[in-house]
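A quick write-up on the structure given underneath.
Nothing in this text is a laboratory measurement; each read-out follows from the coordinates by a stated rule. Owing to the predicted nature of the structure, the values given are computational and were not obtained by experimental measurement. Using ideal geometry, Cβ is built from the backbone for each residue, glycine included, and neighbour counts are taken over all protein chains shown.
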Amino acid sequence: MIIAERKPLTEVLEMLDGSGEITVLGCRSCTAICLAGGEKEAKEMSEALSLHSELKGKGWSVRPITVERACEKEFILPLQGVKGTVLSLACGVGAQVVQEMFPMLQVLPGVNTSNMGAPEGIGVFVEKCAGCGDCILHLTAGICPIARCAKSLLNGPCGGSQNGKCEVSPDTACAWDQIVRSLTTQGRLDLLERNIPPKDWRPSRSGGPRRTVNVEAMPGDSQKAWRDTE
Amino acid sequence: MSVSMLQEMLDAGRFAVTAEIGPPKSCEPEQVRKLARMLKGSAHAFNLTDNQAANVRMSSLASSVLCLQEGLEPVMQMTCRDRNRIAMQSDLLGACALGVHNVLCISGDHQVFGNHPQAKNVYDVDPIQQLMIFRRMRDEGMNWGGEPLPQPPQPFLGAAANPFADPFEFRVARLAKKVSAGAQFVQTQCVLDVERFQRFMGYVRERGLDEEVHVIAGVIPLRSHKAALFMKNKVAGMCVPDHIVDRLRRASDPKEEGIKLCLETIDSLKSIPGVHGVHITAIAWEEIVPRLVQEAGIRP
Ligand code: SF4
Ligand code: SF4
């Protein structure tokens, strides 16, 4: 899932200065699960903004709307008819889809979208994948060194790995320490002896903004048209 | 064929000495020249660090050239932190064009340690891949993209090894990977825990790596127990045994004790099979290097 966290309220208030009608957009998918922008958070934010407006005489009219998935056009139809400002508690993807669909609205980010990760404990989320576009998890015991090693090293732990921790912080596990351990458990240490050559980063963000096409998913005639142009 | 004196010494089986020179945080060439003149003759070659601890300093290439001009042989360090494969190959071509042939390929300290923790790092390639790229340029006469090089660079390729990092069992495997990627010499993290280093070298010999690569063991003269504690707590990948901290704390003259300790370490290292030299890191205490090599009997 996509991990995000709420922006500090002061920053949000600053962004909203000069607004009139404000809609706080919650999303029931990823940002709800990481407790940054679900229905509950949208409602709370909405209340906080109303209170602030009342106290400071801002004259805002604020209301929350929560959708199933802000990143898909079909799901954001409830925003039809909304005017003014949308404070998005959906991730950066959702915010952009809403903006694209409703160009007259001013869509503002209410959360900082951070990474693709998973919950580790209650309220703790850890980055897992950097979307490099060419997965090598089969070589690294299912632990991603690109997202989880602070230097994205592909050939084993650097000299800063100590006691299972990464040199950047005692709170950060060394991904390569985990990989070595997992490969040991799996009896696959031979994988470590192999040198992985420089990676082709084109499928990653380095190749420019990405567009993924799944021809199979297209309707029949579009499939044919697509194949003809390829 | 040797492309540098360091390579010649090592290949001839002579005990090599290298020492570190930290480039200044400014553009004053005189700062490098002064250190160079003071250290000249104390080592076979001198490492010019590459924005060490992720602090902005004069570039290792420029500092290497200043050393050359003073008659010292440089070892140019190059981290993977600050450049992608394009910049790396470009810098290698530039270095060899200017007469800098010893190149040490390293991952580099993460930028959180330095004076620009806000920076974005590169890590397009890791040091093993960096070695692969440089070796191809030299041995196959082409850049990594496959284009022929009319005049291939002739680097003497080095890498770092840290016997004190974890997981310990993997450290020798990682060295083997570096060797198979093209490392001709390795400089190790400073040895303060001689016992652990001996174990490491045991594994190195077991795998026959001592026949394939020159291991240059790092040493560091410590001025005080505070310096030892700093190394222990603040420097990534260091191992400082408590008895060393205690010994320096108890000493009436900690500096002299530090020198004695360093000399003892050099002495033990000299007798370990497979150790082909020492690398002295005396950052901010460079003036001690001439005395150390003199008293250790390893002056070139
Ligand atoms: S290797 Fe690439 S695709 Fe696979 S988990 Fe890591 S970043 Fe994601
Ligand atoms: S300590 Fe581990 S996770 Fe951190 S940079 Fe080094 S190898 Fe990567």
> Where in region A:115-140 does the amide nitrogen come within less than 19 Å of the point 7 Å from the Cα of A:ALA48, taken along Cα to Cβ?
Replying inline: A:123-125
>> For A:LYS128, what residues show an amide H to amide H distance below 5 Å, using hydrogens built from the backbone and excluding near sequence neighbours?
In response: A:MET116, A:GLY117, A:ALA118
>> Could you tell me the center-to-center distance, by alpha carbons, between region A:138-152 and region A:15-34 in angstrom?
In response: 33 Å
> Quick one: putting +1 on the C-beta of Lys and Arg, -1 on the C-beta of Asp and Glu, what dipole do you get for chain A around its Cα centre, in Debye to the nearest 20?
Replying inline: 240 debye
>> I need the calculated FRET efficiency for the pair B:LYS226 and B:GLU28, taking r as the beta carbon distance and R₀ as 35 Å, to the nearest 0.05.
In response: 0.75
> Residue-wise, which Karplus ³J(HN,Hα) couplings in Hz belong to region A:39-47, taking 6.51 cos²θ - 1.76 cosθ + 1.60, θ = phi - 60°, and x for glycine or proline?
Replying inline: 4, 5, 5, 5, 5, 4, 4, 4, 5
>> What's the whole-number percent of alpha carbon pairs in region B:5-296 lying beyond 29 angstrom?
In response: 31 percent
> Just the Cα atoms of region A:134-207: what Rg and Dmax do they give in Å?
Replying inline: 12.4, 36
> What's the extension gain from A:VAL213 to A:GLU14 if we count 0.36 nm per residue and subtract their Cα-Cα distance?
Replying inline: 67.7 nm
> Could you give me the ³J(HN,Hα) list for region A:142-159, computed from phi with Karplus coefficients 6.51, -1.76, 1.60 and θ = phi - 60°, whole Hz, x at Gly and Pro?
Replying inline: x, 10, 7, x, 6, 7, 9, 9, 4, 10, 6, 6, 10, 10, x, x, 6, x
> How much of the DSSP beta bridge set in chain B is antiparallel, as a percent to the nearest 5?
Replying inline: 5 percent
> How large is ³J(HN,Hα), in whole Hz, for each residue of region A:199-205 in order, when computed from phi with the Karplus curve 6.51 cos²θ - 1.76 cosθ + 1.60 and θ = phi - 60°, using x for Gly and Pro?
Replying inline: 7, 7, 8, 4, x, 8, 4
> Share of antiparallel DSSP beta bridges in the protein assembly as shown, in percent to the nearest 5?
Replying inline: 25 percent
>> At 7 Å along Cα-to-Cβ for each site, give me the label-to-label distance between B:LYS40 and B:ARG249 in nm.
In response: 4.4 nm
> When the helix-only estimate is applied to chain A (DSSP H runs of n ≥ 4, each -39,500 (n - 2.57), divided by the residue count), what is the mean residue ellipticity at 222 nm, nearest 500 deg cm²/dmol?
Replying inline: -8500 deg cm²/dmol
> Cross-link list A:LYS151/B:LYS178; A:LYS56/B:LYS120; B:LYS25/B:LYS177; A:LYS151/B:LYS25: which exceed 29 angstrom alpha carbon to alpha carbon?
Replying inline: A:LYS56/B:LYS120; B:LYS25/B:LYS177
> How many Cβ atoms of partner chains, on average, are near each residue of B:74-87 if near means within 10 Å of its Cβ?
Replying inline: 1
> Using the alpha-carbon centroid of each, what span in Å lies between region B:179-228 and region A:51-91?
Replying inline: 61 Å
>> How far apart, in nanometres, would the label points at A:ASN112 and B:ASN84 be if each is projected 7 angstrom from Cα along the Cα-to-Cβ direction?
In response: 2.6 nm
>> Straight-line reach from B:LYS260: which aspartates and glutamates fall under 20 Å, measuring Cα to Cα and dropping same-chain residues less than 8 apart?
In response: B:GLU20, B:ASP193, B:GLU195, B:ASP242, B:ASP246, B:GLU286, B:GLU287, B:GLU295
> Using r as the Cβ-Cβ distance of A:GLU100 and B:GLN294, and R0 as 60 Å, what FRET efficiency do you calculate, to the nearest 0.05?
Replying inline: 0.25
> Hey, with R₀ at 41 Å, roughly what FRET efficiency would B:HIS116 and A:LEU77 work out to, going by the Cβ-Cβ distance, to 0.05?
Replying inline: 0.35
